[in-house]
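The values are calculated or read from the model by the stated rules, or taken from the named source; none is laboratory data. These figures come from a predicted structure and were not determined experimentally. Heads up, the Cβs are rebuilt from the backbone with ideal geometry, glycines too, and the neighbour counts pull from every protein chain shown.
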Amino acid sequence: MKILLSWKKEEILDKKDIRCIIVGGAKLVLPIYYITLRKRIMKYLKQFLLILCITFVGELVKYVLPLPIPASIYGMVILFVGLMTGHIKLSSVKEAGSF
């Protein structure tokens, strides 16, 4: 993958293949597939982090309640209730949940 630094404003860039990011006065030209791949990876990481936080809350609930129920069940119930009440949107955990 080529990363080009362009300092000239006169250059005409094909908008279908590349995007420009201006960093400190320099124009960083990256292919679109690189930018979309990075966004996709960040989306998966955010969704996975949300699921991980809900699982951690399930672990905390397990230590607070003296019931013989695994922490993963508490986490699934918290996620289910959050999805059913609308506090957690399905789109915020869908791709990471189906991974």
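Being surrounded by 10 or more Cβ atoms within 10 Å (Cβ to Cβ), closer than 22 Å to R40 by Cβ and of a type in the set (G, A, S) is a description that applies to A96.
Taking each residue of region 39-50 that is over 14 Å from S91 (Cβ atoms) and looking for partners that are of a type in the set (F, W, Y) and modelled with pLDDT under 90 with beta-carbon atoms closer than 9 Å, six or more apart or interchain, yields F48/F99. Please go through region 50-99 and pick out each residue that is aromatic (F, W, Y) and over 29 Å from K39 (Cβ atoms). The answer is Y63, Y74. Among the residues making up region 83-99, those that are part of a helix (DSSP H, G or I) and of a type outside the set (V, I, T) are L83, M84, L90, S91, S92, K94, E95, A96, G97.
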